[in-house]
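Q: Dropping a structure here in structure tokens format, bear with me for questions.
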Amino acid sequence: MSNPKQSKECIFCKIIEGTLPSEKVYEDDRVFAFRDISPQAKTHVLIIPKKHVVDILDVSAEDAHVFSDLLRAVQHIAPQLGIAGTGFRTVFNSGDHACQTIYHLHLHLLGGEQLGGSMVG
Ligand code: DGP
């Protein structure tokens, strides 16, 4: 039975490998970032760890650098995309109530226009 939480069936792992296409905006040895296929703002990028972890709760103490890796990537990408000065929103969705649809940890980076007052843009 298929299980999208497993790395071998994970869409985002396939994007990192290059077996599925994406519009890459940033890559380093531990992080990959690409434009969201269904943008919720003029600029909408997904920043993901190359290591497959399902969500925030799945990050072990040993892998805790994943959080700083993702935020350090924001510091590269926001200026690169010209949204550092105007501001942006970063969001992690975790689990069903947050409507997480892809079970590979990802940080949404939203900006490029005035966002709404809600938490999700
Ligand atoms: P979330 O709801 O937090 O799990 O957000 C998952 C996001 O992933 C959603 O905004 C759409 C995006 N997405 C899903 N499949 C693909 C894909 O194949 N390519 C790209 N670029 N984005 C995708």
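Q: Of all the residues that make up the stretch 6-27, how many are under 20 Å from GLN75 (Cα atoms), within 11 Å of the ligand (Cβ to nearest atom) and in contact with a helix residue (DSSP H, G or I) (Cβ under 8 Å, 6 or more places away or on another chain)?
A: So the count comes out to 1.
Q: Picking from ARG35, ARG30, which residue would you name as being in contact with an Asp or Glu (Cβ under 7 Å, 6 or more places away or on another chain) and within 15 Å of the ligand (Cβ to nearest atom)?
A: One residue alone meets the criteria, ARG35.
Q: Looking only at residues that are modelled with pLDDT of 95 or more and more than 10 Å from the chain's Cα centre (by Cα) in the stretch 103-119, which one is farthest from GLU17 (Cα to Cα)?
A: GLN114
Q: Test GLN80 against the stated conditions and say whether it is over 24 Å from ALA64 (Cα atoms), of a type in the set (S, T, N, Q) and either more than 15 Å from the ligand (Cβ to nearest atom) or surrounded by 13 or more Cβ atoms within 10 Å (Cβ to Cβ) (or both).
A: Answer is yes for this residue.
Q: Follow-up. Looking at the stretch 41-52, which of the residues that are of a type in the set (Val, Ile, Thr) and within 12 Å of the chain's Cα centre (by Cα) is farthest from ALA84 (Cα to Cα)?
A: By that ranking, first place goes to ILE48.
The values are calculated or read from the model by the stated rules, or taken from the named source; none is laboratory data. Computed from a predicted structure; not experimentally measured. As a convention, Cβ positions derive from the backbone with ideal geometry for all residues, glycine included, and neighbour counts pool all protein chains shown.
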